[in-house]
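Everything below concerns the one structure shown next.
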Amino acid sequence: MILPRLLMVLAGLFMLSLFIWPMWKITLLAPQYPDGVEMHIYINKIGGKTPGTLQNVNILNHYIGMKKITPESIPELKYMPPIVIFFIITAFIVAFLDKKWAYWFWTISLIAILLIGLYDFYLWEYDYGHSLDPRAPMKFEGESFQPPLIGRKEIINFTAISLPHIAGYFLGTATFFGMVATYIKTKNTKS
Amino acid sequence: MKNRNTFLTQGLVIFSLICFMNTSCNTNQNGSSGALDNDAASQVYVAPGEYDEFYGFFSGGFSGQVSVYGIPSGRLLKVIPVFSQDAEKGYGYNEETKPMLNTNFGFVPWDDAHHPELSQTNGETDGRWLFINGNNTPRIARIDLTTFETAEIIEIPNSGGNHSSPFTTENTEYVVAGTRFSVPYPQKDVAIDSYKENFKGMLSFIKVDPKEGHMEIAFQVLLPAFDYDLAHSGKGKSHGWTFFTTYNTEEKHTLLEVNASQNDKDFIAAINWKKAEEYIKAGKYKEIPAEHHVNRYNEKSHVATSTLKKTVKVLIPEDCPGLVYFIPTPKSPHGVDVDPSGEYIIGNGKLSADLTVHSFTNMMSAIENKEFETTIAGVPVLKYDKVVGGVVTKPGLGPLHTEFDDKGNAYTTFFISSEVVKWKLGTWEVLDRIPTYYSVGHLMIPGGDSRKPDGKYLVALNKITKDRYLPTGPEMNHSAQLYDISGDKMKLLLDFPTIGEPHYAQGIAASKIKDKSKKIYPIEENEHPHRALGEKATKVVREGDVVRIYMTSIRSHFAPDNIEGIRVGDKVYIHLTNLEQDFDVPHGFAIQGARTAELLVMPGQTETMYWEPQKEGVVPFYCTDFCSALHQEMQGYIRVSARGSNTPLKWSLGEPDEEE
């Protein structure tokens, strides 16, 4: 049966997109930002729709005392690329071995990593949203500046929208392919 | 109720009768009522947040600048400083742009900007550059339409009053510069009444680099001491020729209003510039000393440099047969306009009762058949009858300029009778006329002097305003009127005041420009010799009495914002780099007592203020452009100590415990 193996090869190839496109984006909308401020999160860097986006986000954040987002201070940006490479290589190995246990191992560990990753992302957002400089020029009692994990939220004068971006959808598809491959392999092995 | 209805009906009947008897109810007779109808209002209404269909580039005339209007709304979008210092933007005041106004006479902070001209490709406006002439101290400027800033100014030597300029050729091979006032050639100290003997008129062709837009004088053509008034280059079949009108063919130097109005016909000088290129190639020119400056602004270094050029190549008609012909044209022709096909050359004889239209085909056969009346200074004068292609009979008084639509119609302005007249090319019949307010000079139809006019709107650019707007003392802004020319009859839509004298204007579809308009200067491309690409790079350096302050701005502070150790009499250069990379976040900079204008620094740009502290004390400086919620906090201090004091040089931002 070629289909599960093909799906694994595709899953591995799809994950290469993480080195090209951002996996997540956080968009800030306000009337005086007609184009929006769109921050892009890659596995190894933080960018945006324009080269100045990160600086612009930090300028906005400094009024309310949020910590400056500096990619150097986020160790995950260094850990993630080797982890992704690991999953790409193992995807090809799984396709080569074509063993039921290998499919299960790959898919379960990828899902586990994704869940850990999302939780980690939440922790960062919580930290940025709550660890505010007491000397900030503007203080808003009881207001949380934590962006949404996924979806939209009003934060003072901004609407913040947090959603997967191009490579994020490829990653989701790769995970789905892993699940389908595992399912088919398991079903075929039983019969 | 019934009674009231009867009253109303009777009222209407009486009103109609009055209208019937009084032609002033006819909207075509009274343009101002045309502007009152709802239809006109909706035609110029551009809803909040929406964009105009056209950019209109209006010359500022004696303001020396260019103003950019949205058409049809008449909204002012920007004033681009070109030939005049502009304190608002620091243009001509900051160290970077001072060289833009450098000339053979030194720094000249003003000029009289007359004719904006968009660059063209295949005879169609392409939205790359806008050229404009400086009349008084002859110059041509090039404005970059990605930044809407003046990118280059070239000085024109051997010229006195650069009026017939810049008028591009079909692919912007050249822009031209004909002298309005003939001057001694070469310029020298002679008696004014030796005019006929010593004075000459020079027409210049300025080559435009197709990629960078850089200008250089390719050649000049030496002609008799007439006044060369306006120009237009041929297009289509007449591509390769440029036409210049002349007046004062009487060659008088005093009381010109009488003395220069005696000849029944003056000339249109037709220059075959392709022939000129051949003569240049063949070496048939004289290279003569003619110092002139080329001033270029570099968008990466944000610095303008002024380069002195020492000579020009001059072609003399006696040595270059076939280079120039004179076409007799009644009477003191002002504008010379070439129709979209390139066949018709309209000589707007401003003192003539009729409008003369020459035919390019006729001109070529007259040249071929040597139909010459005479020869003046080596220039054959063609026989008028052999060149004229048609006459628009008694269209109005004082024709000045003609532009065209895309339906074979021409529109001519009449200064004395204060109107625009629409007439048909080929049949020469007058189709419509509409008043202007008042005394119209140029007119503008987007693309109206190109091969592809956009015959939707016409703008009349008036010289006199009088009662059009609320009075503002003796001096009034000039006025412009917008007309709808899409139908058979012209219709007045809008009337708006303009900056300086809106001498001439050019219009172009917004779609050709708007998406190329830059939002910021990328900071990583900043090559300014005194840039500070980050707060860590800020510093203060003293060399003798020259102090350089490398400063940055970002919302909402300057770095450094406390500086000590400056002394009275120092020569202080404040190099301010705006670190912002967000659209529309300039920072301004002003310092108390600085005898110059503010800086206004765009994101990613570096600009320099020169400051000589006059008095001891502590002077504040601050951001002048409301940049952010904490704009009012964007301020700092410079301590000025006595001449020769020992106050150590130091600079800082934030208290020591606040620093990161």
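The values are calculated or read from the model by the stated rules, or taken from the named source; none is laboratory data. Note that the structure is a prediction, hence the values are computed from the model and not measured. Note: ideal-geometry Cβ built from the backbone for every residue, glycine included; neighbour counts use all protein chains shown.
Details
- Only residues that are within 14 Å of another protein chain (Cβ to nearest Cβ) and either of a type in the set (Phe, Trp, Tyr) or in a helix (DSSP H, G or I) (or both) were counted across region A:106-150, and they come to 1.
- The number of residues in region B:233-290 being assigned to a strand (DSSP E or B) and over 26 Å from the mean Cα position of the chain (by Cα) comes to 5.
- All positions within region B:486-534 that are touching a strand residue (DSSP E or B) at 6+ places or on another chain (Cβ under 8 Å), closer than 19 Å to residue B:75 by Cβ and among the small types (Gly, Ala, Ser): B:500, B:505, B:507, B:509, B:510
- Selected residue [more than 23 Å from the chain's Cα centre (by Cα) and either within 23 Å of residue B:52 (Cβ to Cβ) or not in a strand (DSSP E or B) (or both)] from B:446, B:453, B:395: B:395
- The set of residues in region B:557-578 that are within 14 Å of chain A (Cβ to nearest Cβ) and either within 32 Å of the chain's Cα centre (by Cα) or of a type in the set (Phe, Trp, Tyr) (or both) comprises B:577, B:578.
- Flag not set for residue B:103, criterion: modelled with pLDDT of 95 or more and under 18 Å from the mean Cα position of the chain (by Cα).
- Candidate set: region A:34-58, residues that are among the polar types (S, T, N, Q) and more than 8 Å from every other protein chain (Cβ to nearest Cβ); chosen: the one farthest from residue B:553 (Cα to Cα): A:44
One line per residue, one yes/no per condition, for (1) at pLDDT 95 or above; (2) within 27 Å of residue B:359 (Cα to Cα); (3) not β-branched (Val, Ile, Thr):
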site	(1), (2), (3)
B:430	yes, yes, no
B:433	yes, yes, yes
B:438	no, no, yes
B:442	yes, yes, yes
B:445	yes, yes, no
B:454	yes, yes, yes
B:458	yes, yes, yes
B:462	yes, no, yes
B:466	no, no, yes
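- Lone qualifier among A:116, A:111, A:155 - being modelled with pLDDT under 95, among the β-branched types (Val, Ile, Thr) and within 25 Å of residue A:42 (Cβ to Cβ): A:155
- For region B:531-541, residues that are away from every other protein chain (no Cβ under 14 Å) and surrounded by fewer than 18 Cβ atoms within 10 Å (Cβ to Cβ) total 3.
- Test result for residue B:492, within 14 Å of chain A (Cβ to nearest Cβ) and not hydroxyl-bearing (Ser, Thr, Tyr): no
- Candidate set from region A:151-161 (those that are away from chain B (no Cβ under 14 Å) and either touching a helix residue (DSSP H, G or I) at 6+ places or on another chain (Cβ under 7 Å) or of a type in the set (A, V, I, L, M, F, W, C) (or both)); member that is farthest from residue A:77 (Cα to Cα): A:155
- Total residues in region B:523-546, condition in a helix (DSSP H, G or I), under 35 Å from the mean Cα position of the chain (by Cα) and in contact (Cβ under 8 Å) with a residue 12 or more places away in the chain: 2
- Residue B:318 meets all of the listed conditions (1) in a helix (DSSP H, G or I); (2) under 27 Å from the mean Cα position of the chain (by Cα) but one, namely (2).
- Criterion: aromatic (Phe, Trp, Tyr), without any contact (Cβ under 8 Å) to a residue 40 or more places away in the chain and surrounded by 13 or more Cβ atoms within 10 Å (Cβ to Cβ) - qualifying residue of A:79, A:119, A:103: A:79
- Within region A:62-74, the presence of a residue that is of a type in the set (Ser, Thr, Tyr), buried (at least 16 other Cβ atoms within 10 Å of the Cβ), part of a strand (DSSP E or B) and within 14 Å of another protein chain (Cβ to nearest Cβ) is excluded.
- Residue match in region B:597-608 (condition: among the charged types (D, E, K, R), within 14 Å of another protein chain (Cβ to nearest Cβ), within 30 Å of residue B:517 (Cα to Cα) and assigned to a loop (DSSP other than H, G, I, E, B)): no
- If you filter region B:547-583 down to residues that are basic (Lys, Arg) and assigned to a strand (DSSP E or B), you find that the one that is nearest to residue A:34 (Cα to Cα) is B:548.
- Filtered residues of region B:368-382 (kept if in contact (Cβ under 8 Å) with a residue 40 or more places away in the chain, touching a strand residue (DSSP E or B) at 6+ places or on another chain (Cβ under 6 Å) and crowded, with 16+ Cβ neighbours inside 10 Å): B:379, B:380, B:381, B:382
- Evaluation of residue B:588 against (1) touching a Phe, Trp or Tyr at 6+ places or on another chain (Cβ under 6 Å); (2) assigned to a strand (DSSP E or B); (3) among the small types (Gly, Ala, Ser) (one fails), failing number: (1)
- Region A:19-33 - residue that is within 25 Å of residue A:137 (Cβ to Cβ) and within 19 Å of the chain's Cα centre (by Cα) and, of those, nearest to the other protein chains (Cβ to nearest Cβ): A:28
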